[in-house]
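Here is the structure we will look at, set down as structure tokens.
The values are calculated or read from the model by the stated rules, or taken from the named source; none is laboratory data. Just so it is clear, the structure is predicted and the values come from calculations on it, not from any experiment. As a convention, Cβ positions derive from the backbone with ideal geometry for all residues, glycine included, and neighbour counts pool all protein chains shown. Just the protein is used for accessible areas: all its heavy atoms, side chains included, with ligands, DNA and RNA removed. Shrake-Rupley method; radii C 1.70, N 1.55, O 1.52, S 1.80 Å.
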Amino acid sequence: MSKKPRPLVGQTHTVPPEADSSNTGECCNRPRRGIIGFMNEPPTAVILVLADAQSTAARWCRMLQGPEFRVFSAADVLPDPPEIDLIVSDGSIGESAAEHPPSPTAEAHQPGILLIGSDGPADVHLAEDVTRRELRLACRLLAELVRLRGKIHRSERSRRRLSAEALTDPLTGLPNRRAWDQTMRGRLDALAD
């Protein structure tokens, strides 16, 4: 009896559809990876494509199709609430931005802006003759930058909240002894100057 060699962790292999218990039809022939490969896959980024010409928007949407991106155009119905990670545009953001208002968590989640073939305020500028590879790489990098910005923002907000809690009595909500000591030290230093 000969056994089939098992793939090592991180090796890519395909699972035939009949052997895949989670066969949903769309991903059964996608290469499977071990746990290391799965952990290295980037999370999905939500991209809104805005362009003056519908054909340009459709071309960019085709270029961005893949498992790591969920791509929407201005004509599509966005998920509710729209947690957009990136906006890819030719500079027509101004008119279309009013149609897609920011989500309630907009303070914590600011999407990255990628402009193609135009100047203006943006995180990334690409030439009008951008290739599929360049566009996808720029979107992956900008999506990671947006995630890091959000993580930093949440960390700062948490630090401020914990700092305020450290100076407040939890029962009464009044400043505690530590706050008193800091205030007195600051006022005495101000008087000494």
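Of the residues making up the stretch 143-169, just one is in contact (Cβ under 8 Å) with a residue 40 or more places away in the chain and β-branched (Val, Ile, Thr), namely 146. Close Cβ contacts (under 7 Å, 6 or more residues apart or on different chains) running from residues in the stretch 170-190 that are modelled with pLDDT of 90 or more to residues that are of a type in the set (Asp, Glu) comprise 176/169. Scanning the stretch 126-139 for residues that are open to solvent by less than 90 Å² (accessible area, probe 1.4 Å) and either outside any loop (DSSP other than H, G, I, E, B) or on the phi > 0 side of the Ramachandran plot (or both) returns 126, 135, 136, 138, 139.
Tell me, yes or no, whether the stretch 150-164 has at least one residue that is within 18 Å of residue 68 (Cβ to Cβ) and part of a helix (DSSP H, G or I). The answer is yes, given that some residue of the stretch 150-164 is within 18 Å of residue 68 (Cβ to Cβ) and part of a helix (DSSP H, G or I).
Counting the residues of the stretch 140-164 that are β-branched (Val, Ile, Thr) and open to solvent by 100 Å² or more (accessible area, probe 1.4 Å) gives 1.
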